[in-house]
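Each remark here refers to the structure printed beneath this line.
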Amino acid sequence: MFTPNVISKFTTTPTPFYYYDLDVLKKTLQKVKDESAKYNFIVHYALKANANNEVLNMIREFGIGADCVSGNEVKKAVECKFDSKHIVFAGVGKSDIEINYALDQNIFCFNCESKEELEIINELATAKGKTAHVALRINPNVNANTHKYITTGLEENKFGINLWELEDVVKLLKGLSNIKLIGLHFHIGSQITDMSSFKSLCMKVNEIQNWFDSHKVQIENINVGGGLGVDYHDPDNNMIPDFETYFKLFNDFLELRPKQKVHFELGRALVAQCGTLVSKVLYIKKGVNTNFAILDAGMTELMRPALYQAYHKIENLSKSSNSTSHFKYDVVGPICESSDCFGKAVELPETLRGDLVALRTAGAYGEVMANGYNLRDKVKALYSE
Ligand code: LLP
């Protein structure tokens, strides 16, 4: 990934910046295409993971759809020429402006999260003389065994319609003339590495499908969301997530009805490994029990460690990893918060001011979550050739 040529380009680029290896992205997308095609599964990309234009354009070229969670994400997908028939719009708090915009674009489907939202979409669609296609986002109460901030499919989470509300929802839908129910939608969480969570989801989907059958409601589309995790600890050896096992599992355990289509909404698994945050060491400062390596990137450029105590592999690109003298550093950013720390007691070759440091596996929920706290500059991006 970091050939001498690439590193020499880094030395002449102002830091910090995100580096996207488009070759890694291409290989990942090819694998997703091949593995999902075995079962005619339909894949949408969750824009929330990374909405960088170059990244989006490549994803669209692979014929992948767009999963959006705000009006601006729908707009971005439209601008990047995703076919509106392949755009879905989820989110627990869609505003009227956002719904109207999505109705105007004739998107494939709204993933609806409450009875109240169904009523509003019906009202707005009626005013436009349109019929909105809707999937019910159901909270399946399945544990994703991941960080609590990125768990979404438990009853305690704000997402989706709870199972005990389904009876009422089905009754309500009968009176909503401008809504067409086309599917069921589920998403249990993110960075899921325990495949048994997905198996539990399949079992729950099967039960729920039986319930809909018994209520004589036909469902064309089953959307099982995203959530497939990536290897943050060993990116070089696990560059491409195990899509083969993942899609096979859904094929093995989902009990589908004739002609039913299965949809996925993957974010992280598609883009995490192609992105790296590249930064420069500003200072090495002696602490009481440790040395601080103070970088010119902070939690404003990559928020995951501060927000979720997330691990990102840290490498000194200016020193060979074979170098004999290794030291431990607390690798921190320049932001005025103690949580602005990328890693504690990180073992690195002797690190000096001016060294380039890579924070790996930063292609998902990295650039897109950057913010201007401390009036920081907007982080830039660099692409492989
Ligand atoms: N579909 C829905 C409805 C979602 O809420 C999400 C992610 C996805 C799909 C895509 O999930 P993925 O395949 O990327 O796991 N900022 C956090 C992750 C938040 C995920 C939110 N929802 C992080 O940095 O770990």
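Between Ser320 and Asn145, the modelled labels are 4.1 nm apart [label points 7 Å from Cα along Cα→Cβ]. For Lys180, the residues whose amide H sits under 5 Å from its own are Ala132, His133, Val134, ignoring neighbours fewer than 5 places away on the same chain, with H placed 1.01 Å from N. Here the Gaussian network model covers the chain, with springs between Cα atoms less than 10 Å apart; of Leu25, Leu249, Leu56, Leu249 fluctuates the most. Coupling constants for region 267-282 follow from the phi torsions by the Karplus curve (6.51 cos²θ - 1.76 cosθ + 1.60, θ = phi - 60°), and in residue order they are x, 3, 4, 7, 10, 4, 6, 7, x, 9, 8, 9, 9, 10, 6, 8 Hz; glycine and proline get x. The ellipsoid that matches the Cα gyration tensor of the chain has semi-axes, each √(5λ) in whole angstrom, of 41, 21, 19, with the longest given first. Stretching Glu61 away from Glu244 to a fully extended chain increases their span by 63.7 nm, per 0.36 nm per residue minus the current alpha-carbon distance.
Couplings 3J(HN,Hα) for region 330-341, derived from phi with the Karplus relation 6.51 cos²θ - 1.76 cosθ + 1.60 (θ = phi - 60°), are 8, 8, 10, x, x, 6, 7, 8, 5, 6, 7, 9 Hz, where x marks Gly and Pro. Using a Gaussian network model of the chain whose springs link C-alpha atoms within less than 10 Å, name the residue from Leu307, Leu356, Leu124 with the highest mean-square fluctuation. Maximum among the listed residues: Leu307. Here Ile107 sits with roughly 20 square angstrom of accessible surface, probe radius 1.4 Å. Taken along the Cα-to-beta-carbon direction at a fixed 7 Å, the label points for Asn289 and Gln30 span 4.8 nm. Semi-axes of the equivalent ellipsoid of region 273-383 are 21, 16, 12 Å, computed as sqrt(5λ) over the eigenvalues of the C-alpha gyration tensor in descending order. Expressed as a fraction of 2.2 N^0.38 Å, the rule-of-thumb size for a compact globular protein of N residues, what is the C-alpha radius of gyration of region 181-311? Computed over Cα atoms of region 181-311, the ratio equals 1.47.
For the chain, the solvent-accessible area with a 1.4 angstrom probe is 45 square angstrom per residue.
Kirkwood analysis of region 1-99, using all unique Cα-Cα pairs, places the hydrodynamic radius at 15.3 Å.
Between Lys171 and Glu207, the FRET efficiency estimated from the beta carbon spacing at R0 = 22 angstrom works out to 0.60. The H on the amide N of Asn223, modeled in the peptide plane, is under 5 Å from the matching H of Leu184, His185, Phe186, His263, each at least 5 residues off or on a different chain. So how far apart, in nm, are the two label points at Lys130 and Asn53 if each is 7 Å from Cα heading toward Cβ? The modelled label-to-label distance comes out at 2.6 nm. Under a 5 Å amide H cut-off, with hydrogens placed 1.01 Å from N, Val346 pairs with Tyr329, Asp330, Val331 among residues at least 5 apart or on other chains.
The values are calculated or read from the model by the stated rules, or taken from the named source; none is laboratory data. Note that the coordinates shown come from a computational prediction; the quantities given were computed from them, not determined experimentally. Every residue, glycine as well, gets a Cβ built from its backbone with ideal geometry; the counts of neighbours run over all protein chains shown. When the accessible area is computed, the model is the full protein with side chains, heavy atoms only, and any ligands, DNA or RNA have been set aside. Shrake-Rupley method; radii C 1.70, N 1.55, O 1.52, S 1.80 Å.
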